[in-house]
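First the structure, in the form of C-alpha cells, and then the observations on it.
The values are calculated or read from the model by the stated rules, or taken from the named source; none is laboratory data. Model, not experiment: these values are computed from the prediction. Methodologically, a virtual Cβ is constructed for each residue, glycine included, from the backbone with ideal geometry; neighbour enumeration extends over all protein chains shown.
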Amino acid sequence: MSITIGLAGKPNSGKSTFFKSATMADVDIANYPFTTISANRGVTYVRTECPCIELNHRCGNCVDGVRFVPVEVIDVAGLVPDAWKGRGLGNAFLDELRQAKVIIHVIDASGSTDIEGNPVDRGSHDPLDDIEFLNHEITMWMYGILKRNWDSLSRKIKAENLKLEEAIANQLGGAGVSDHQVHEALVASEISRDHVKWTDDNLVTLCDNIRAISKPVIVAANKIDMAPEENTKKLSDLDIIAVSTSSAAEFALKSASKSNVIKYLPGDDDFTIVSDGMTKAQKRGLEDLREFLKKRGGTGVEDCINRAVFDSLDMVVVYPVEDENKWMDKKGRVLPDAYLMKKGSTPHDLAYQVHSDIGDHFLYAVDGRTRMRLGEKHKLDNGDVVKIVSSAK
C-alpha cells in the first residue's frame, strides 16, 4: 500500500469513531480530549467496480462485483490551537501527518464542540472555524521546520549556488514535500527568487502554498445527523471537497453486518436484514438507520475515502494479469491484484509497481480487453486490465 490517508481534527470531532468505522480496529472512543494518545494505524478500502462483471463468472476477489482496494490510514491525536508550538500533544502528532498523501479533516458538523474540543450547546460553534484552524496549524508546523535553520540555509544556498527548490524540499523532507511541489508553491506565492530578502511573512505564504499542494485536505462533515440546517448550508457552499458523514451510523452498520444481523457493503445506501432473532429495540435501531441512509444516500464514510483517493489524489485502479485472454495469473487466479496508480501512469509505471525487476526489464504491454499492444506513452485508465511483458526471470 503506497497511499496513506491521514485523519486529523480536534478532540471530540468523531475522528476516532471515523477511524474505527473505516477500519473496524479497536481504538478508544470517549468524550474527552486526547483519547487518542499515539497515532492509530489501520487499513481501510476504496470501493470500485470490479472488471469481472464483464466475465461470465466472478473473480473471487470482489463482493458481487464490488472490489475493495486497501489503503493505509493514520489517525493522529486531536489537535488544538497552537499545536505547532507544542501545545496539547503538539508537534509529535503533526509529524505523524508527514507520511500522509491526503488528509481527511474530520469536523463536528453539529457545532457541539468548541475549538478545543470541549462540549458546548449544539450549533453554538461554527464548524468552518475548524477548517481554517487545521490549515493554519499545518502551515505553521511547516514554517517552524523551515524557519528553524533558515538563516544558515539561506546563506548556504547563495554561497554554494544550490537549487532553491531542492534546498527547501530537503529542509522540509520530514514533512513529505518534494522539490516539484516546492516549485509549484514558489510560483503560486509570487515572491522574489532572491530568497535572502524574504521576510517571515514570505516564508509563511510559501509554507501555506506548500501545504495546499503537498497535503490536500478533504473535509468529513461528521455528526451530520445532528447538524443544524444552518451548518449544513454553510458546508454545502464550500469551494473544497466536503462530504457529509455519520461515522457512528457506519460503525453501527458494520457491527451489525459483522454479527450477521444484516448484509451491508460499505458505500451502500441500504442493507438487507438476514437475522430473525432481533429484539424490538434492535429492529427500531435498524429502521432508524435505514431512514438515515434513505435520506442521506449512505453514511458518507466510504464516499469520503473514495473521494480522498480518486478525486484529491487523482488515482485509478489497474489490474495486471499474465493471461490477457482469461485475465488470470500463472496460478489460474482471475484478476488477483488491483493497484492504485496516479492517473496518467503508463504500463511501464505499472510494471515497476508490480516489481522493480519487471520494470527494469519491461518490454511492452497488452490491453486485456482489446488484445492490442499498448504504446510506451499510453495512459492507463480506471478499470484497465493489462498484461505486462518483461524479460525478467
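A few remarks follow.
- Only one of the numbered conditions (1) closer than 24 Å to G60 by Cβ; (2) part of a strand (DSSP E or B) is not met by G383, and that is (2).
- Qualifying residue in the range 201-216 (condition: of a type in the set (D, E, K, R), over 24 Å from the mean Cα position of the chain (by Cα) and not assigned by TED's automatic domain parsing to the domain that holds D269): yes
A quick yes/no check of all residues on (1) among the polar types (S, T, N, Q); (2) touching an Asp or Glu at 6+ places or on another chain (Cβ under 7 Å):
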| residue | (1), (2) |
| --- | --- |
| Q353 | yes, no |
| S356 | yes, no |
| R369 | no, no |
| E376 | no, no |
| K387 | no, yes |
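- Residues that are within 20 Å of the chain's Cα centre (by Cα) and β-branched (V, I, T) within the range 230-288 comprise I240, I241, V243, T245, listed in sequence order.
- Test result for D129, assigned to a helix (DSSP H, G or I) and either of a type in the set (S, T, N, Q) or assigned by TED's automatic domain parsing to the domain that holds W84 (or both): yes
- Only one of the listed residues (G123, G111) is touching a residue at least 12 places away in the same chain (Cβ under 8 Å), under 21 Å from S247 (Cα atoms), among the small types (G, A, S) and touching a Lys or Arg at 6+ places or on another chain (Cβ under 9 Å). That residue is G111.
- Residue count, the range 243-277 (criterion: among the small types (G, A, S) and surrounded by 16 or more Cβ atoms within 10 Å (Cβ to Cβ)): 9
- Filtered residues of the range 185-229 (kept if of a type in the set (G, A, S) and either in a helix (DSSP H, G or I) or buried (at least 19 other Cβ atoms within 10 Å of the Cβ) (or both)): A185, A188, S189, A212, S214, A220, A221, A227
- Test: D179 is at pLDDT 95 or above and either in contact with a strand residue (DSSP E or B) (Cβ under 9 Å, 6 or more places away or on another chain) or not polar (S, T, N, Q) (or both): no
- Candidates S189, S236, filtered to the one that is within 30 Å of K294 (Cβ to Cβ) and of a type in the set (G, A, S): S236
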